[in-house]
Amino acid sequence: MKKQKSQRPRVRTSEIIRDVVIGMSDGLTVPFALAAGLSGTVSTTLLVVIAGIAEIAAGAIAMGLGGFLAIRTDHEYFVAQESEQRREISDIPYSQRDRVVSLVEGWGISPEDAQAVATDICSDPQRCLNFIMKYDLQLQQPHPNRALQSSLTIGTSYIVGGLVPLAPYMLITQSQSALLVSVLVTLLALFIFGWVKGAVTGVTVLKSAAQTTMVGGTAAGIAFLAAKLIA
């Protein structure tokens, strides 16, 4: 009999893409809206740059910490469920076997074959546990480094995205001119980002690009108008 190899959790590409999307989309939108709003109240760009850098730093830390805590929560939930299922397999094995039978029958397998499959699976408590965790509870063990990786990916993506709308204010001293360049550059970046996101996720690229651009542009427009009304 072949010895069953333990399956080490792996970081899926989709998880990394999700983190990049979360960080980049917020990084492009929030500093963009802040800079646009401030540019309506000041004549020079120094204040915009200072506030923008502070927001990018705070936003990257907050977003990264949020990603870290989310993954840690998922890990703690997985461990708690795994411990509970392991206890049930030890204390009430027949109940867990019936659980496996019901799952297998739900896939269209005959009751007789489902009984045989369940008997084979439940002959090994660890295999039974893995089966229930994956197919019944639909839980997968997070990679041990996933929390740190997620926080770094989200935070870095936020910084990269945030520097795009802020860059014109670093190069141009007149706030209204910098605003115009920032709007054009950021809308272009939002469009490209949405296009790439659509291509990666399988969504219609033009639709994804248009939605991403519209959300970012709307956020900046609202912030700019609010600043104008308050000033």
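Remarks
- Spread over its residues, the convex hull of the C-alpha atoms of segment 135-189 is 108 Å³ per residue.
- Each other residue within a Cβ distance under 14 Å of residue 155 adds +1 if Lys or Arg and -1 if Asp or Glu, for a net charge of -3.
- Each listed q (0.16, 0.18 Å⁻¹) maps to a log10 I(q)/I(0) for segment 13-230 from the Debye sum over equal C-alpha point scatterers, namely -0.99, -1.14.
- Relative frequency of Cα-Cα separations exceeding 17 Å in segment 161-224, percent: 43
- Base-10 log of normalised Debye intensity for segment 67-167 (one unit scatterer per alpha-carbon) at q = 0.19 Å⁻¹: -0.89
- With the charge dipole of segment 13-230 set up from +1 on Lys and Arg Cβ and -1 on Asp and Glu Cβ about the Cα centre, the Cα lying farthest toward the positive end among the listed residues 102, 175, 35 is that of 175.
Values quoted throughout were computed directly from the atomic coordinates according to the rules given, and no laboratory measurement underlies them. No experiment lies behind these values; they were computed from the predicted model shown. Note: ideal-geometry Cβ built from the backbone for every residue, glycine included; neighbour counts use all protein chains shown.
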